[in-house]
1. Quote the charge dipole size of region 2-49 about the Cα centre in Debye, to the nearest 20; the model charges only the Cβ of Lys and Arg (+1) and of Asp and Glu (-1).
2. Within the set of other residues whose C-beta is less than 14 Å from the C-beta of Met32, count the net charge using Lys and Arg as +1 and Asp and Glu as -1.
3. Taking only complete DSSP H runs, can you tell me which helices of the chain stretch 24 Å or more along their own long axis by Cα positions and average at least 0.5 on the Kyte-Doolittle scale?
4. Among Gln88, Gln14, Gln123, whose mean-square fluctuation peaks in a Gaussian network model of the chain (Cα, cutoff 10 Å)?
5. Which of the listed residues, Leu104, Met83, Leu149, is farthest toward the dipole's positive end in region 76-152, when Lys, Arg count +1 and Asp, Glu count -1 at the beta-carbon?
6. Out of (i) 16.4, 60; (ii) 31.1, 84; (iii) 15.7, 53, which label holds the value of Rg and Dmax of the Cα atoms in Å that was computed here?
7. Can you tell me how much longer the chain between Met1 and Glu119 gets when fully stretched, taken as 0.36 nm per residue apart minus their C-alpha distance, in nm with one decimal?
8. Under unit Cβ charges (Lys, Arg +1; Asp, Glu -1), what dipole magnitude, rounded to 20 debye, does region 52-140 have relative to its Cα centre?
Amino acid sequence: MVETINKYIRISRQLLQELGRDPTPDEVAKHMGLNTARVREIMKIAQEPVSLETPIGEEEDSHLGDFIEDEAALDPADAASMMLLKEQIADVLKTLAPREAEVLRLRFGLEDGRSRTLEEVGQSFGVTRERIRQIEAKALRKLRHPVRLRKLQGNIDL
């Protein structure tokens, strides 16, 4: 296969010089004595990787990687909104009893993104899941109070 790829590259370069343009797969296939489908397969295999650090533009002050979107990254506006929301939630949780705030943090995964069951939270506090349910219900009732609710208005449906 390596020999075939090398032959493809050699013939492509030769045709490029003769024609003054990139040869079509049909032209390469004719010179190689292969069918066009096989040449297309070879073309896919023979593609050389391109570095993301490849300079772009006349001044070469940009790189190819600068133009590729990071799909995992948050949009700056969304990131700012998320940060603001987290700050508002933290401020509101400070108005609750420490135990109530911690129960809500664990139940809804506010710290690490992993929400826990009543049973798991109960084990960490050394109480029953029913007691955790009661603490959670009391804390949520407090959060629905108009003063606390105003701090979160527009961000959370309580």
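1. Roughly 60 debye, rounded to the nearest 20.
2. The answer is +2.
3. Correct list, ordered by number: 76-93.
4. Answer for the Gaussian network model of the chain: Gln14.
5. Positive-end residue among those listed: Leu149.
6. Identified label for the calculated read-out: (ii).
7. Separation in residues times 0.36 nm, less the Cα-Cα distance, equals 36.5 nm.
8. I would put it at about 1640 debye.
Every number in this text was worked out from the coordinates using simple rules, so none of it is lab data. Computed from a prediction, not measured in an experiment: that's the story for all the values here. Glycine gets a Cβ as well: all are built from the backbone with ideal geometry, and neighbour counts include every protein chain shown.
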